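The values are calculated or read from the model by the stated rules, or taken from the named source; none is laboratory data. As the structure is a computational prediction, the values presented were derived from the model and not from experiment. No Cβ is skipped: glycine too gets one built from the backbone with ideal geometry, and neighbour counts run over all protein chains shown. Just so you know, the surface numbers come from the protein's heavy atoms only, side chains and all, with ligands and any DNA or RNA stripped out. Shrake-Rupley method; radii C 1.70, N 1.55, O 1.52, S 1.80 Å.
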Amino acid sequence: GNAAAARGPQVPLRERLRHLAMSPVFHALFWSYFICGFTTSGTVETHLLPYAAACGFPPLESAAAYGVLSAFNLGGMLLSGFLTDRMHRPLLLGLIYIVRGLSFLLLMQIVGDIKLLFVFAVVFGLADYSTVPVTASIAASHLGMRTMGLTMGLLAASHQAGGAVGAFLGGVLFDLFAQYEWVWTASVILAVS
């Protein structure tokens with residue numbers, strides 16, 4: 001029908017994959033999303049509450065901080081969407097990752113200071129999923145709308161692979177050293193590099 005006509009002739013999957021595999025923009029987005037997954041789903045979403053418990057914070061306050069993080073996550077995505085249309089997108093994406101990376105320095109200082117946990121929640125929340133609007137915009141303009149579904153599917157897969165590595169590595173490092181400092185340090189390095 002009209003939807004099929006609007007899409008135009010379908011390019012074979014092999015050609016679309018080759019197009020993406022040859023694109024430096026795709027590789028930059030793919031690997032940044034792997035890091036994104038590592039530092040969000042992998043480390044913070046999996047290990048923040050156990051870390052807060054290890055720091056001696058009660059479950060209610062820790063969960064409230066995670067709720068604040070989620071609320072600011074929403075605000076960060078809206079702000080990022082607004083800024084994506086108004087500024088240099090690669091610069092914006094780089095700044096988001098830098099803010100995210102630096103927020104882990106706050107996280108490593110929260111022991112005994114519940115207020116600092118909430119400050120971390122606000123800062124990290126603003127930089128958490130705010131990468132999505134920028135990444136989607138860059139993908140659309142540099143890789144094309146005809147591969148947008150495939151591109152975002154592959155980027156989401158990369159994000160989840162990074163999340164799996166971050167969750168697993170965080171658990172292994174905690175089991176080995178009975179602390180989270182190594183996984184937070186790895187998150188800083190990955191996010192700012």
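Taking 7 Å steps out from each Cα toward its Cβ at Arg14 and Val111 produces label points 5.8 nm apart.
Rounded to the nearest 10 degrees, the inclination of helix 131-143 to the longest alpha-carbon principal axis of the chain is 20 degrees.
The relative contact order of the chain comes to 39 percent, based on Cα pairs under 8 Å that sit 6 or more residues apart.
The angle between the Cα long axis of helix 45-54 and the longest principal axis of the Cα atoms of the chain comes to about 0 degrees, rounded to the nearest 10.
Taking Lys and Arg as +1 and Asp and Glu as -1, the other residues whose beta-carbon sits under 13 Å from that of Gly37 total -1.
Rolling a 1.4 Å probe over the protein heavy atoms gives region 58-193 an accessible area of 49 Å² per residue. Kindly identify region 52-146 as rounded, prolate or oblate by the Cα gyration tensor criterion: order the square roots of the eigenvalues as a ≥ b ≥ c, call it rounded if a/c is under 1.5, otherwise compare a/b with b/c, prolate if a/b is larger, else oblate. In terms of gyration-tensor shape, prolate.
Of the residues Ala21, Leu83, Tyr33, the one whose Cα sits farthest towards the positive end of the charge dipole of the chain is Ala21 (charges of +1 on Lys and Arg Cβ, -1 on Asp and Glu Cβ, taken about the Cα centre).
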